[in-house]
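Some notes on the structure that comes next.
Quick note: the coordinates plus some simple rules give every number you see, no bench work behind them. This is a predicted model, so every value here is computed, not measured. Positions of Cβ are backbone-derived with ideal geometry, glycine not excepted, and every protein chain shown enters the neighbour counts.
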Amino acid sequence: MQLDTTRFGTMACEARDLLLFSEGIIGFEHLHAWALLPEPPLCWLQAIEDPQIALPLVSPFRYVANYRLQLDPDDGRLLDMTASKNALVLVVIGQHDGQWTLNLRAPILIRPELRLGRQVVIRSEYSLQHVLPRLDGSVRKCA
């Protein structure tokens, strides 16, 4: 199928590339189908139902050396996570007061082999706006 996006133009997208977020993502609860698009060191989570919505994501482990994800058991069961190696853990990049930030409290977990994703809110001391000292690469397509 063809996927029309405002940031990346028209792209070929196979059904196997789609991810289902049954509960949506915070702020986008009405959007359930997404595609993960790599653009190192970032990746983009592109909404299938809305060509204007794409979220820039990075691995928190790349930028926060001591980041530890402690999931609520219910969240882990919903994605059938028996081991942390089963999920891709990503966090949304934002901008606050002219600085790039990471939302470390609401990571996005993806099980590529199951084509499932879920954003979870973890109880921790991690910041919603962890300031990045410097982000390698470009986020030029960020709205």
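At-a-glance table
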{"item": "Which of Ile48, Ile108 has the fewest Cβ neighbours within 10 Å, and the rest in rising order", "result": "Ile48, Ile108"}
{"item": "Overall Cα dimensions of the stretch 2-131, principal axis frame, Å, largest first", "result": "41, 38, 26"}
{"item": "Residues with amide H under 5 Å from that of Met11, placed H, sequence gap 5 or more", "result": "Leu3, Asp4, Thr5"}
{"item": "Nonlocal amide H pairs with Trp100, under 5 Å, H built at 1.01 Å", "result": "Leu132"}
{"item": "Two-site FRET efficiency, Met1 against Asp72, from Cβ-Cβ distance with R₀ of 35 Å, rounded to 0.05", "result": "0.50"}
